[in-house]
Amino acid sequence: MTPAENIGFVIGGSLKEGLFVRLTVPAERIQEGAFVVIESNGLKFYGLVVNLSLKSYDPRYSQDLITGRMSDKITTLLHNQTLFTEMEVLPVLMQNTGPELGDPNYDPNAIVDRSPIPVKTLPIHQAPVRLATEFDVSEVFKPKEKNGFVIGTTREQGHPVHIDMDKLIQRSSGIFGATGTGKSYLTRMILAGLIQSKQAAVLVFDMHNEYAYGDISPDTDIKAPGLCEKMKKRVKSCALGASAKIAGNQPDFDLVLEYSDILPSDIEMLTRELNLRETTPATLSALVQSFGLNKWFESFKNLTMGEGEGSIIDWARNNNVNEAAALGLYNKLERLFRLNYLVPKLAGPSSIVKIIDYLKNGYSVILSFGEYETDLDYLLVTNILTRKIREEWERMTNEYRNQGGVKPTPLVIALEEAHKLLNREMAGQTTFSTIAREMRKYFVTLLIIDQRPSQIYDEVMSQLGTRISGWLGDDEDIAAVLSGLSGRDSLRGMLARLQPKEEVLLLGYGVPMPIPIRSRRYDAQFWQEILSEDELSETDRQKFREMVFDDF
Amino acid sequence: MTDTSMFGRILSSNIRECVVGYRINESMIPPFGSMVRIPVSHAQQPEIYGLVTDIQIEEDGFLRQLATNDQVSEEVMLDARVNRNVPVVLRILFIGYLENGNISHLLPPCPPLTLDNIYKCTNAEITAFTSFGNFGYIRHILKVTNVPPGELLAAHISQAAKAQFADNHFGWTESAINEVIYLMRDNYADLLAILGAIGDADISLDGEVEEQE
Ligand SMILES: Nc1ncnc2c1ncn2[C@@H]1O[C@H](COP(=O)(O)OP(=O)(O)OP(=O)(O)O)[C@@H](O)[C@H]1O
Ligand SMILES: [Mg+2]
């Protein structure tokens, strides 16, 4: 099929229902989700194929099997004219192309605004319909300035599809899909693109140790490299716990927390995980009261069992705290007291400060959890770290706003298994929902990666600009990914019928229109292409910062 | 356009059709569905094209007597068939005309006059007429009432296809059938009957191979 070949013509439709197109090519040449273009009187409409149905001129032509009664040739001629496929197209964007050269209305001096805008009208009857060409695809998806990243290709003809990196990081974004659909591979590529373009620093909470030094695909047994291996200069690896290793590799530094880093709110957030009682907040505030915010954790740990001076019971009695509640909390916190990455006081500089410093200076950091893979570790560490980051970025932004100076480096926090931190119950207590909701004003956004979008608090979901979703089987998950978007009914089927691997649907504010794509392959060629891209100069980078965040 | 292809004279006519008396001595009887030409003798009159839609052989008075005889000799039989008082009558459906060298698929502006001569069409005439325009003349065939349209169409397409093949126009038959389907697809039963007739006529759609065999 040559790219500009017509595949049919418009036979009806409405803004509400979408367009109906009669196909002039066999149905099997067109797929659901195909990106089509309709040109009509100086307007170009861009749309998605959302349904195909078999139709006949008269039902009897399809119901009677006449094969054998007539020669095959005549049967074919008859069927060609009486049986056809009707295609439903969801028109999404339209673009003013102005009168053609040679048209009497053509004015060489006229300035035509060619940027695609949401559909507000319809093409004429019988307007020809064709599959989008490479030019059409880049016209819609390729950002006009730099900062485009090829995330994959159209499914039918393999035209490259760009995502706008500026938009991706202006608001929080999400990558969803059932297990094995390629979320982590795709995220790795997007982060590589982001890091390479120097548009933002990235902090990855790498729960499964995939991002820094890569992993071996269980499906293909091929080793896929990590970001630290390929972008050593710009990406720092950090492992949780003193002298921990990441899959046998020596990290750039390790993360050990001090007791003073833990606030009562960090404990309250673990209520479910530690099965804490309702009395906990009262006990915690009494602890802070008697030992101070910086010392309470260590002092509590140092209290002893039994009775007498320095015992828990003694402290409880003296501070009007229920003894059983104090003992209960102590028992529950034993799990924390035993953690190797929590120490009373670090000899050297705090590693949290180190992470923040790297991020502030535009480096990216991958925090691998190594062998600490329980939910407790993940919740506690991510929350403490993010809380501190939030404080720092708020401080820097306020300083920048009030006193001028340097804009903070935009920061993207990538979060695997995001539902653990952003579920309905946790969302109110962790820093993440605040970031998703309002931190874009402070140059911090989230990139959340999850298998179960329905488990993520809807208020967070609704804030996600760019959504990228692989195949999802569960209706609730599908509904969650599509929440708040128009054309949901059409997109629902498309999502459920994606290939189980390496196909995703791009959705949401960050993309000009929804489109299913085949993901870019994560392989040696990818790295070659990424690393050969011209490095942006420092001035470009400054310009970029002003550009991206100037709408606040 | 040789004189030998002349075969009869007009007996009666109107705008849609005419009846022709067949002069048996002059040539073979033109078959059902074949294309004929009536060069109207008067100036400024067009040359009319038509299809043979019926061939009627009527009783001439002697036949009743002969038919009652047990034995009819060869001689008498031949005499009764050839030397007839009443001619064989052909009915011709008009499908277009030629005026000042231009073909039209409309009905003729005026009918031919009685006793005008009528000729069989040559392959070249058939090809020129049937290739002209976009099969407009087929509408006249589909409206024929005195015979089933499918039969007439099958006979016509089969004759025209041969002429077209001879002229190396291989796509013609397919286009003709497509046009028929397009015009008739609203009428399922009639269309299937017509296509059935065309199928029975065993017309080759890609004549090249068959013509060379
Ligand atoms: N873009 C890609 N290029 C090459 N291989 C890919 C790509 N996407 C997915 N794969 C293959 O699919 C496998 C699963 O991908 P990935 O680990 O990214 O899935 P996932 O969605 O993160 O699953 P989970 O939710 O279980 O973490 C990979 O091991 C790899 O073999
Ligand atoms: Mg994964």
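The values are calculated or read from the model by the stated rules, or taken from the named source; none is laboratory data. All of these numbers come straight from a predicted model, not from anything done at the bench. Cβ atoms come from the backbone with ideal geometry, glycine included; neighbour counts cover every protein chain shown. SASA here: full protein model, heavy atoms, side chains in, ligands and nucleic acids out. Shrake-Rupley method; radii C 1.70, N 1.55, O 1.52, S 1.80 Å.
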- [ ] Would you mind computing, in nm to one decimal, how far apart the modelled labels at A:PHE253 and B:PHE132 are, each placed 7 Å from Cα along Cα→Cβ?
- [x] 9.4 nm
- [ ] Using the structure shown, select from A:LYS16/A:LYS55; A:LYS223/A:LYS420; A:LYS16/A:LYS142 the pairs with a Cα to Cα distance greater than 26 angstrom.
- [x] A:LYS223/A:LYS420; A:LYS16/A:LYS142
Open item on the list: Before I look further, what does segment A:267-328 give for accessible area per residue, probe 1.4 Å, in whole square angstrom?
Closed with: 56 Å²
Open item on the list: How large a share of the accessible area of chain B, in percent, is made up of carbon and sulfur atoms when the probe is 1.4 Å and the other protein chains stay in place?
Closed with: 51 percent
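Over segment A:356-441, average the accessible area per residue using a 1.4 Å probe and give it in Å², no decimals.
On the way: 3170 Å² over 86 residues.
Roughly 37 Å² per residue, with all protein chains present.
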Task: Heavy-atom accessible surface of segment A:164-235: percent carbon and sulfur, 1.4 Å - done: 53 percent
TODO: Mark the label point 7 Å from the Cα of A:TYR400 along Cα→Cβ and return the residues of segment A:412-440 whose backbone N is within less than 16 Å of it.
DONE: A:412-413, A:438-440
Open item on the list: Which lysines, if any, have their Cα less than 23 Å from the Cα of A:LYS295, not counting same-chain residues under 8 positions apart?
Closed with: A:LYS332, A:LYS345, A:LYS354, A:LYS388
- [ ] Taking 7 Å along the Cα-to-C-beta vector as the label spot, tell me the A:LEU83-A:ARG335 distance in nanometres, rounded to one decimal.
- [x] 6.3 nm
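Pop the C-beta distance of A:ILE216 and B:GLU179 into the FRET formula with R0 = 56 Å and round what comes out to the nearest 0.05. Please report the intermediate quantities before stating the final value.
On the way: r = 65 Å, r/R0 = 1.15.
FRET efficiency, A:ILE216 to B:GLU179: 0.30.
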Open item on the list: Given the DSSP H assignment, sum -39500 (n - 2.57) over each helix run of at least 4 residues in chain B and divide by its residue total; what's the result at 222 nm in deg cm²/dmol, nearest 500?
Closed with: -11000 deg cm²/dmol
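Hey, what number do you get for chain A at 222 nm if only DSSP H runs of n ≥ 4 count, each worth -39500 (n - 2.57), divided across all residues, to the nearest 500? Numbers along the way, then the final one.
Details: 22 runs with 195 residues, N = 552.
Computed ellipticity for chain A at 222 nm equals -10000 deg cm²/dmol.
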Open item on the list: How large is the accessible surface of A:TYR57 in square angstrom, using a 1.4 angstrom probe and rounding to the nearest 10?
Closed with: 90 Å²
Task: GNM top mover of B:GLY136, B:GLY33, B:GLY199 - chain B, alpha-carbon springs below 10 Å - done: B:GLY199
TODO: Work out from phi, with θ = phi - 60° and the Karplus expression 6.51 cos²θ - 1.76 cosθ + 1.60, the ³J(HN,Hα) of each residue of segment A:128-136, listed in order in whole Hz, and give x for Gly and Pro.
DONE: x, 10, 9, 6, 5, 8, 4, 4, 4
Open item on the list: Going Cα to Cα from B:LYS162, which lysines come in below 22 Å? Please leave out same-chain ones fewer than 8 positions away.
Closed with: A:LYS73, B:LYS120
Task: Net dipole in debye of segment A:267-328 [+1 Lys, Arg Cβ; -1 Asp, Glu Cβ; about Cα centre; nearest 20] - done: 120 debye
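Sort A:LYS301, A:LYS120, A:LYS73, A:LYS407 by accessible area with a 1.4 Å probe, largest first. All intermediate terms of the calculation are to be shown ahead of the outcome.
Values: A:LYS301 65, A:LYS120 130, A:LYS73 95, A:LYS407 20 Å².
Accessible-area ranking of A:LYS301, A:LYS120, A:LYS73, A:LYS407, largest first: A:LYS120, A:LYS73, A:LYS301, A:LYS407.
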Open item on the list: In the protein assembly as shown, if the dipole is taken from +1 on Lys/Arg beta carbons and -1 on Asp/Glu beta carbons about the Cα centre, which of A:PRO123, A:ILE435, A:GLN289 is farthest to the positive end?
Closed with: A:GLN289
Task: Theoretical gain in end-to-end length, A:LYS233 to A:GLU323 [0.36 nm per residue, Cα-Cα removed] - done: 27.0 nm
- [ ] Evaluate the charge dipole of the protein assembly as shown about its Cα centre and quote only its size in Debye, nearest 20, assuming +1 on the Cβ of each Lys and Arg and -1 on the Cβ of each Asp and Glu.
- [x] 2600 debye
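So what's Rg/Rh here for chain B, counting alpha carbon atoms and using the Kirkwood radius for Rh? Before the final figure, lay out each step's value.
Details: Rg = 18.7 Å, Rh = 18.5 Å.
Rounded to two decimals, Rg/Rh equals 1.01.
How big is the A-B contact in terms of buried accessible area, both chains counted, 1.4 Å probe, rounded to the nearest 100 Å²?
Numbers: alone 25540 and 11720 Å², together 35740 Å².
Approximately 1500 Å² gets buried when A meets B.
State the three equivalent ellipsoid semi-axes of chain A, derived from the C-alpha gyration tensor as the square roots of 5 times its eigenvalues, in descending order and whole Å. Write down the numbers at each step before the final one.
Values: eigenvalues 581, 138, 91 Å².
Those come to 54, 26, 21 Å.
Taking a probe of 1.4 Å, how large is the accessible area per residue of chain B, in Å²?
So chain B comes to 52 Å² accessible per residue, rounded to a whole number.
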TODO: Mind listing, in residue-number order, the residues in segment A:80-96 that have at least 30 Å² less accessible area with every protein chain present than in their own chain alone (1.4 Å probe)?
DONE: A:GLN81
Open item on the list: Can you work out the Karplus-derived ³J(HN,Hα) for every residue in segment A:420-436? Use 6.51 cos²θ - 1.76 cosθ + 1.60 with θ = phi - 60°, whole Hz, and x for glycine or proline.
Closed with: 4, 9, 10, 6, 3, 6, 7, 3, x, 9, 8, 6, 5, 5, 4, 4, 4
Task: Protein-protein interface of segment B:162-193, residues with accessible area decrease of at least 50 Å², isolated chain reference, 1.4 Å probe - done: B:ILE181, B:ARG185, B:TYR188, B:LEU192
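Using a 1.4 Å probe over the heavy atoms of the protein chains, calculate the carbon and sulfur portion of the accessible area of segment A:267-328 as a whole percent. Present the calculation step by step, with values, prior to reporting the outcome.
On the way: 1530 of 3470 Å².
Carbon and sulfur together cover 44 percent of it.
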Task: Accessible area (Å², 1.4 Å probe, nearest 10) - B:ARG9 - done: 90 Å²
- [ ] Scan around A:LEU446 for amide H atoms under 5 Å from its own, H built in the peptide plane at 1.01 Å from N, and keep only partners 5 or more places away or cross-chain.
- [x] A:SER172, A:SER173, A:ILE413
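Using a Förster distance of 60 angstrom, determine the FRET efficiency expected from the C-beta separation of B:LEU142 and A:TYR509, and round it to 0.05. Can you show the working numbers first?
Details: r = 58 Å, r/R0 = 0.97.
With R0 = 60 Å, the Cβ-Cβ based efficiency is 0.55.
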Open item on the list: I'd like the FRET efficiency for A:THR133 and B:ASN100, computed as 1/(1 + (r/R0)^6) with the beta carbon distance as r and R0 of 60 Å, rounded to 0.05.
Closed with: 0.75
